[in-house]
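Read through the structure below, which is laid out as structure tokens, and then see the notes.
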Amino acid sequence: TARAALRKPQLEALLPRLHTYISLSGPHLGMLYTSNMLVELGVWGLRKWKNAQCLTELSLKDAKQPTDTFLYTLSKGDMLARFTNVLLVSSAEDRYVPHHSARLQLCPEAMHDPRFGTAFVSMVHNILSPLQCSNLVHVDVSFLPLISTKLVHQLDQAIGRKAHIDFLEQQAFLQMFVQMYLSYLV
């Protein structure tokens with residue numbers, strides 16, 4: 001993640017020059033409390049068969065205690081606070097990354113989860129607290145549904161992959177985003 005990369009000594013000289021951080025549906029809080037069983041199954045399978053470390057980290061299963069995980073440790077850093085502007089762009093239609101994770105917000109499931117709930121709430125607090133002097137902007141995006149007879153397109157839309165990919169594939173969205181938020185970029 002960008003927050004992890006900014007902790008590297010090679011990038012230290014750039015820290016005073018940071019201006020705007022834009023996250024396009026990034027899983028800042030991991031993949032907990034997703035509403036997409038197909039994505040959960042896929043993540044589980046890739047973790048087991050391919051030993052995908054990043055998916056293990058996004059599932060907060062890289063340590064016995066949630067407070068010892070990579071994402072929890074990363075949440076205690078203040079890298080986002082180094083930016084003047086923090087734009088969190090998300091879509092409720094994106095079912096690959098939980099909406100609350102992309103928006104850095106609490107969700108009701110965390111309040112009732114005895115295993116990960118306390119760590120999840122702490123992560124939200126850890127990341128947002130240092131942002132008191134930053135301009136935090138939540139941008140909600142709704143993509144038009146794709147009308148297609150192709151089964152693959154219908155499946156992408158049904159499992160929420162389409163909206164996740166549209167952030168980068170939809171040229172019209174990217175042009176509109178740059179025009180609307182240009183003041184944050186200069």
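The values are calculated or read from the model by the stated rules, or taken from the named source; none is laboratory data. All values derive from a computational prediction rather than experimental measurement. Note: ideal-geometry Cβ built from the backbone for every residue, glycine included; neighbour counts use all protein chains shown. We work out accessible area using only protein heavy atoms, side chains counted, and drop any ligands, DNA or RNA first. Shrake-Rupley method; radii C 1.70, N 1.55, O 1.52, S 1.80 Å.
Just the protein heavy atoms count here, and of the accessible area of the chain at 1.4 Å, carbon and sulfur take up 59 percent.
Averaged over its residues, segment 1-84 has an accessible area of 59 Å² per residue, based on protein heavy atoms and a 1.4 Å probe. Accessible-area rank, largest first, for LEU24, LEU80, LEU55: LEU24, LEU55, LEU80, with all protein chains present and a 1.4 angstrom probe. Residues whose amide H falls under 5 Å from that of ALA52, counting only those 5 or more places apart or on a different chain, are ARG47, with hydrogens built in the peptide plane.
Relative to the compact-globule estimate of 2.2 N^0.38 Å, the Cα radius of gyration of the chain comes out at 1.07. In order along segment 15-20, the phi-based Karplus estimate (6.51 cos²θ - 1.76 cosθ + 1.60, θ = phi - 60°) of 3J(HN,Hα) comes to 4, x, 9, 5, 10, 10 Hz; Gly and Pro are listed as x. With the charge dipole of the chain set up from +1 on Lys and Arg Cβ and -1 on Asp and Glu Cβ about the Cα centre, the Cα lying farthest toward the positive end among the listed residues GLN53, PRO16, VAL124 is that of GLN53. Only helical runs count toward this figure. For the chain, summing -39,500 (n - 2.57) over DSSP H runs of n ≥ 4 and dividing by all residues gives -11500 deg cm²/dmol at 222 nm.
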